[in-house]
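Structure record follows, encoded as structure tokens.
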Amino acid sequence: MLIGILQTGISPEPLRNTFGDYPDMFARLLAGHGLSFKSYHVEAMEFPDTVHDCDGWLITGSRHGVYEDLPFIAPLEEFIRKAYGEHVPMVGICFGHQIIAQAMGGKVEKFARGWAVGPQDYDFGGRHLRMNAWHQDQVTRKPDQAEIIGSNAFCQNAALLYDDHALTIQAHPEFATDFIDGLMRTRGKGVVPDSVMSEARHHFGESISSSEVAEQIADFFNKSRN
């Protein structure tokens, strides 16, 4: 199954030699699940010709806000609505989670309680999953079509399911803890409160549920659809 990765940002240059760019991280996360990948740098206005160029789509994270007036936002929202209408499966992570929600009528904004950084615990219908987070923006009102499947006290709409059309997650299953540490050093200073980054470092030794989330994403892509 060919998955098109819609890249909406780039990883910090000082970290790229070690960790690669965002499409590389997703390829590693989802390796061994029968998926292949093709990347489109939509932030630079490189879009697929049609929603059927790949069998499914994965929208990455970004340092941008989905509510910003940027050239790629409106065409990406239109692409999302077209893929949704034609039942081409989509997965959205962080910015991807937010842009799908916004495109489908939800609301995204800077969260009044601030940032979530580093290992965070989520309740997926009674199943405990821990993922690394890096966000201040949140989906504060989900679209009517979306069902909440993952949540915690800080982020109510942490994971959303749109029937078999889209699966979206606010946290970053593709981010290794070492990469979060690198984000703190390259992008965090003066942006994320020091107290939030300090608290995150206290949890760096905790295991992350990356393999479990990867299996959930792969199962969503691979499921039979009419």
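Taken together, the values in this text are just the output of simple stated rules run on the coordinates, not laboratory data. The structure displayed is predicted, hence computed values, not measured ones. Heads up, the Cβs are rebuilt from the backbone with ideal geometry, glycines too, and the neighbour counts pull from every protein chain shown.
Got the relative contact order for the chain handy, in percent, Cα pairs under 8 Å and 6 or more residues apart?
20 percent
For region 64-100, GluC sites (Glu not before Pro) meeting the loop criterion (DSSP other than H, G, I, E, B) and having at most 16 other Cβ atoms within 10 Å: GLU68, GLU86. In terms of distances greater than 24 angstrom between alpha carbons, the cross-link table entries LYS82/LYS142; LYS38/LYS189; LYS38/LYS110; LYS142/LYS189; LYS107/LYS189; LYS38/LYS142 yield LYS38/LYS189; LYS38/LYS110; LYS142/LYS189; LYS107/LYS189; LYS38/LYS142. Taking a sphere under 13 Å around the Cβ of LYS223 and counting the other residues whose Cβ falls inside, with K and R at +1 and D and E at -1, yields a net charge of -4. Annotation for region 99-144: trypsin sites (Lys or Arg not before Pro) lying in DSSP loop with at most 16 further Cβ atoms inside 10 Å of their Cβ are ARG113. Rounded to the nearest 500, what is the chain's calculated 222 nm mean residue ellipticity when only DSSP H runs of at least 4 contribute -39500 (n - 2.57) each, over all residues? So the helix-based figure for the chain works out to -8500 deg cm²/dmol.
If you place +1 on the Cβ of every Lys and Arg, -1 on the Cβ of every Asp and Glu, and leave all else neutral, what size is the dipole of the chain about its Cα centre, to the nearest 20 Debye? The partial results should precede the final answer.
Values: 19 positive and 30 negative charges, 82 e Å.
Dipole size: approximately 400 debye.
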